[in-house]
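I have placed the structure first, in the form of structure tokens, so that the comments after it can refer back to it.
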Amino acid sequence: MQAEGVHRPARAEISASAIAHNVRALKSIVGASLFCAVVKANGYGHGAELAAKAALVGGADMLAVAIIDEGIELRSSGVTAPILLLAEVPPDTIVAALRHSLTLTVGSIDGARAAATNAAALGGRHPVHVKVDTGMHRMGVAPEDVDDVIDVLTACEAIDLEGIYTHFSVADGSSAEDRTFTRDQIARFDEVVAGLAKRGVKPRIVHAANSAGALGYPEARWGMVRVGLALYGYLPEAWLASALEETNDWLVPALTLRANVVAVRRVEVGERPSYGRRRALENAATIATVPFGYADGYPRRLFDAGAEVLINGRRYPLAGMVTMDMLLVDCGDDVVAPGDEVVLLGRQGDEEITADEWAERAGTISWEILCGIGARVPRILVG
């Protein structure tokens with residue numbers, strides 16, 4: 001188990017009230033659809049247990065994770081809500097998943113056979129969801145093979161065919177091409193569901209919408225939505241805010257990265273702080289050292305991209321290259337002292353730095369920024 005830096009003045013504060021608020025705000029939009037809170041990848045960097053429990057308080061009906069170990073971790077923390085595995089797991093791990101009451105995803109005929117065999121051997125009755133590939137081409141049963149998979153599962157008395165679902169690949173896209181493709185995925189999935197209904201097979205939970213699908217495509221909400229990024233207070237793309245305008249209930253970012261200045265020194269004009277001596281100071285400046293680096297999830301490329309931090313309610317640029325454990329901040333002629341609070345992500349006074357800002361500067365997406373927060377950064381529940 002990797003150590004958390006609890007004796008170091010750097011931390012991630014996770015607002016339970018923000019996550020619960022986001023669930024409630026999104027549930028008011030999706031209406032009667034069940035709400036599945038996606039807490040994989042350590043709750044998108046927020047801490048899986050913290051995120052899961054806050055989402056359940058907010059009204060989430062189900063949780064979803066990517067791998068069995070994530071589900072077992074939640075069970076060990078006392079979570080009893082249904083937990084869906086979002087990928088087909090190796091056959092030799094199925095029994096472990098079922099013993100921890102994790103809901104299997106089946107995405108192939110071989111996966112269906114393995115699920116049936118292991119469920120029957122274990123006994124009892126176990127919920128399973130079938131994933132259909134409607135165009136993502138990452139995992140799932142081809143539409144023409146769904147009947148064969150369903151036959152294997154329904155023939156096993158130990159299998160409860162609880163759900164069927166698909167996943168969108170460009171639901172966040174605003175171009176005409178992206179919207180057409182997403183609607184094509186919806187149509188393909190509709191055909192599969194309708195075909196099963198004609199056979200008398202009607203899984204209780206039909207779902208497809210991720211955060212973007214839930215906000216941008218009302219027709220794709222079906223019986224449940226699977227919300228990841230929006231759960232933590234961020235929109236996949238700005239155009240999706242129009243759905244929130246209907247309720248005037250906005251999402252709230254749940255994570256704030258805070259640290260404290262640990263050292264201050266005056267450095268003369270022309271000096272080149274940090275590794276690589278990448279940039280000369282244009283003026284003499286007070287340089288503040290902050291105990292947070294790329295090992296904690298602060299991308300090195302943010303230096304060249306002009307990233308800033310907040311100290312005493314003001315924005316300050318980095319003074320040199322990001323190092324593994326520390327940042328150097330150019331505070332100019334302002335008075336900054338050891339112990340002063342630094343906000344790397346979040347709000348301080350009237351200023352705010354968001355994961356979207358980091359992502360834009362770093363040429364990536366907010367998902368990667370949030371998931372990249374290092375394991376040694378302690379997650380502290382607030383609110």
Subset of region 168-211, residues under 24 Å from Trp367 (Cβ atoms), in a loop (DSSP other than H, G, I, E, B) and small (Gly, Ala, Ser), comes to Ser169, Ala171, Gly173, Ser174, Ser175
Take Leu122 and decide whether it is of a type outside the set (D, E, K, R) and either surrounded by 22 or more Cβ atoms within 10 Å (Cβ to Cβ) or not assigned by TED's automatic domain parsing to the domain that holds Ile72 (or both). no
Per-region count, region 289-340, residues among the small types (Gly, Ala, Ser), closer than 24 Å to Thr364 by Cα and surrounded by fewer than 21 Cβ atoms within 10 Å (Cβ to Cβ): 4
What are the residues in region 110-129 that are in contact with a helix residue (DSSP H, G or I) (Cβ under 6 Å, 6 or more places away or on another chain) and either under 16 Å from Phe189 (Cα atoms) or of a type in the set (Phe, Trp, Tyr) (or both), if any? none
Has region 42-65 got any residue that is of a type outside the set (Gly, Ala, Ser), under 13 Å from Gly233 (Cα atoms) and crowded, with 24+ Cβ neighbours inside 10 Å? yes
If I filter region 228-237 for residues that are at pLDDT below 95 and touching a Pro at 6+ places or on another chain (Cβ under 9 Å), do I get at least one hit? no
Restrict the check to region 350-373 and report whether at least one residue is at pLDDT 95 or above, in a strand (DSSP E or B) and crowded, with 17+ Cβ neighbours inside 10 Å. yes
When you check Val149 against the structure, is it within 30 Å of Gly216 (Cβ to Cβ), part of a helix (DSSP H, G or I) and out of contact with any Pro (no Cβ under 7 Å at 6 or more places or on another chain), yes or no? yes
Is there a residue being more than 15 Å from Ile380 (Cα to Cα) and surrounded by fewer than 22 Cβ atoms within 10 Å (Cβ to Cβ) anywhere in region 1-11? yes
Cβ pairs under 7 Å, 6+ apart or interchain, first in region 50-72 and at positive phi, second modelled with pLDDT of 95 or more and of a type in the set (A, V, I, L, M, F, W, C), ordered by first then second residue, are Gly59/Val23; Gly59/Phe35
Take region 22-53 and flag every residue that is in contact with a strand residue (DSSP E or B) (Cβ under 8 Å, 6 or more places away or on another chain) and of a type in the set (A, V, I, L, M). Val23, Leu26, Val30, Leu34, Ala37, Val38, Val39, Ala48, Leu50, Ala51, Ala52
Quick test of your reading of the structure: Thr134 fulfils all but one of (1) buried (at least 16 other Cβ atoms within 10 Å of the Cβ); (2) in a loop (DSSP other than H, G, I, E, B); (3) over 27 Å from the mean Cα position of the chain (by Cα). Name the failing condition by number. (3)
Which one of these does Ile353 not meet: (1) touching a residue at least 24 places away in the same chain (Cβ under 8 Å); (2) touching a Ser or Thr at 6+ places or on another chain (Cβ under 9 Å)? (2)
Residue check for Gly43: modelled with pLDDT of 95 or more and within 20 Å of Ser366 (Cβ to Cβ): yes
Identify, by number, the condition in (1) surrounded by fewer than 18 Cβ atoms within 10 Å (Cβ to Cβ); (2) without any contact (Cβ under 8 Å) to a residue 40 or more places away in the chain; (3) closer than 23 Å to Tyr165 by Cβ that Gly31 doesn't meet. (2)
Given the criterion of a type in the set (Val, Ile, Thr) and in contact with a Ser or Thr (Cβ under 6 Å, 6 or more places away or on another chain), identify the matching residue among Val152, Val141, Val132. Val132
Going residue by residue through region 241-264, is there one that turns out to be within 19 Å of the chain's Cα centre (by Cα), farther than 19 Å from Leu327 by Cα and not hydrophobic (A, V, I, L, M, F, W, C)? yes
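The values are calculated or read from the model by the stated rules, or taken from the named source; none is laboratory data. Predicted model only: the values in this text are computed from it and were never measured. Positions of Cβ are generated from backbone atoms using ideal geometry, with glycine treated the same way; all protein chains shown enter the neighbour counts.
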